[in-house]
Each structure stands twice: as C-alpha cells, then as structure tokens.
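Read through the structure below, which is laid out as structure tokens, and then see the notes.
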Amino acid sequence: MKTREAQCKYMSTREIYHLLAAKCDIVYFSARKLGFARGGIITSVDRKYTDEMMEYIPLYEGFLTYGGMEVRSMEAMAQGLYESLDMEYINQGPEFIAYLVKELNDYGVPVITPAGGLGAHLNCSEFVPMMPHDQYPAAAVATALYIAGGIRGMERGTVSEQRESDGTERFAELELLRLAVPRRVYTLSQLKYVADRVKWVWDNRELIGGLRWTMEPKVLRFFFGRMKELGHWQEDLVVKFKEDFGDSL
C-alpha cells in the first residue's frame, strides 16, 4: 500500500496498520509471516465478538492470557511485529519477489503480475494449457519443479479444493503454483537458482503429464493426500534433466 497507493505514500507503516485494522470487525493472523514466530492472534475492538469467542479459546487453544503459547513465543511475536514496522527491513521479501517475477515474466513464463508480497505465482493453466483440470495442472507443475530443482512450491488450484457432496470434483477457477518467499530465509542467489530451474521446466513443459489420486482424504487432501503420475512422464523428465545437468542435483 505504501508503494502503490497514493494516499499511503507518506504514511508510516504503523499508520497503515492502524488504518487497515480500523476497517475490520475481527483481526486474525498467523505470526509465521510478518511476526516471525509460532502461533497467531485473534482480536477485536468489539467486546461482542471477543465475548463470543472467549469460551472457545480454553477449549481449543489455552487460557485467554496465553492461548496455548509459551511466554518466549509471545515475546518473539511481539518483537517480530515491531520489526515488521521497519520498511528498510520488510522491503527485502517484496523486492526479491519482484525480481523473481520479472525474471520469469521477461523469459515468457506465465506468472501473475504485478508481483505481490508473499510469493511468485505461476499460472499453470497457461504453463500446461492442454492438461485437463482433473489431471491437476498446478500440482503437476509443482511436481516437475521439485524433480528439476528440489524446489517446494504450494499448489493453489483444484487440489486445494474439496469435492462436492455428490463426489464430483470442484474445479478451481485458477490453477496456480505459489513460490513463497518468507523473510529471513532466502538469499538473492537462491532466487536466481529458482528462476533458472523454473525456466528449464518451462522450456521442457511438453514433458509434464497429469496426476491421479492414490489416497484422497475427505478433508485437507492437499496436506495428507497422495498422488501418482499418469504414465511415466516423471521418469522422462529425469532423463532430460540428466542430459542437461548430469548428476548435479
């Protein structure tokens, strides 16, 4: 918002936080991103909502004063939130993501623009346009990228949906592969490596085939489910990889 919204250009990060929070009835977030800590927070300025949630916190998390978190985690979260106010510090992630998105976009890789603040998102519907939804394009591209580079992306497509009550598949409107770039984790050289391997997979995209379920839980299947390739395309991809890179992986 500070870099793209004219009204926020001269606001401090703290002022932007307060502006957003004032628009919300309830604020809920995981601290693993900006907070650099385990756990999270759920809060509201309206006592009505906090009173309604109060009885559930001890049941599922812990007492109201700590929510199941030890003191050191709360201290780490508080410190992380203070650090997230420093533009010089929090610029690193978005700048790295913008670099990665530009590298891929300039090469012709279908990627969502403009770059965001969490990660780069490959548009897998365009990456493998002939692959039907029921062969899970985003998951297939994620698999190919892991084989070619050991890079773990997050499927954000049909696999992340769940079936309708009658058992039919609910196809996602977008088939995306998220390459998240958490702060305090990656260096620029690592992002260059990711760009190089994504480009290689893009150049060899005709080798990518679909996937099928071998174990599909009813809930959270994208966490617990297992899939297998259709045919032997993964082996073909490995053969091409070794032709180009040898045993470098």
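How high is the relative contact order of the range 137-224, in percent, with contacts defined as C-alpha pairs under 8 Å that are six or more residues apart?
Values: 88 pairs, mean separation 30.5, N = 88.
The value is 35 percent.
For Cα pairs less than 8 Å apart in space and 6+ apart in sequence, what is the mean separation divided by the residue count of the chain, i.e. the relative contact order in percent? Don't skip to the answer; put the middle values down first.
Values: 340 pairs, mean separation 34.8, N = 249.
Across the chain, relative contact order equals 14 percent.
Measuring nothing but protein heavy atoms, the accessible surface of the chain at 1.4 Å probe radius is 54 percent carbon and sulfur.
In the full protein context, the range 95-202 carries 48 Å² of accessible surface per residue, based on a 1.4 Å probe and ignoring ligands, DNA and RNA. Residues of the range 70-98 falling in the label zone of Phe63, defined by backbone nitrogen less than 15 Å from a point 7 Å along Cα to beta-carbon, are 70-71. Simple point charges give the picture: +1 on the Cβ of Lys and Arg, -1 on the Cβ of Asp and Glu, and for the chain a dipole about the Cα centre of about 440 debye.
Restricting the chymotrypsin sites (Phe, Trp or Tyr not before Pro) of the range 1-110 to loop positions (DSSP other than H, G, I, E, B) with no more than 13 neighbouring Cβ atoms within 10 Å leaves Tyr10, Phe63. Rounded to the nearest 20 debye, the dipole size of the range 14-71 about its Cα centre is 320 debye, using +1 on the Cβ of Lys and Arg and -1 on the Cβ of Asp and Glu. Restricting the calculation to Cα atoms, every distinct pair contributes to the Kirkwood radius of the range 114-165, found to be 12.0 Å. 3J(HN,Hα) along the range 50-55: 5, 5, 5, 7, 4, 5 Hz, from the Karplus curve 6.51 cos²θ - 1.76 cosθ + 1.60 with θ = phi - 60°, whole Hz, x for Gly and Pro. Enclosing the Cα atoms of the range 142-229 in their convex hull gives a volume equal to 119 cubic angstrom per residue. Glu243 exposes around 130 Å² of accessible area when a 1.4 Å probe is run over every protein chain in place.
Report, to the nearest 10°, how far helix 71-83 tilts away from the longest principal axis of the Cα atoms in the chain, using its own Cα long axis and a range of 0 to 90°. Result, in degrees: 80. Across the range 56-61, computed HN-Hα scalar couplings (Karplus, 6.51 cos²θ - 1.76 cosθ + 1.60, θ = phi - 60°) run 7, 4, x, 5, 10, 10 Hz from first to last residue, x flagging Gly and Pro.
In this model, which of Lys2/Lys102; Lys33/Lys218; Lys102/Lys228 are farther than 25 Å apart at the alpha-carbon?
On the way: Lys2/Lys102 20 Å; Lys33/Lys218 28 Å; Lys102/Lys228 32 Å.
As for pairs spanning more than 25 Å Cα to Cα, those are Lys33/Lys218; Lys102/Lys228.
Local charge for Ala195 was computed over the other residues whose Cβ lies under 15 Å away, with Lys and Arg +1 and Asp and Glu -1, and equals -1.
The values are calculated or read from the model by the stated rules, or taken from the named source; none is laboratory data. Everything quoted here is computed from the prediction, not taken from an experiment. Ideal geometry is used to build each Cβ from the backbone, glycine not excepted, and the neighbour counts take in all protein chains shown. Please note that ligands, DNA and RNA were not included when accessible areas were found on the heavy atoms of the full protein model with its side chains. Shrake-Rupley method; radii C 1.70, N 1.55, O 1.52, S 1.80 Å.
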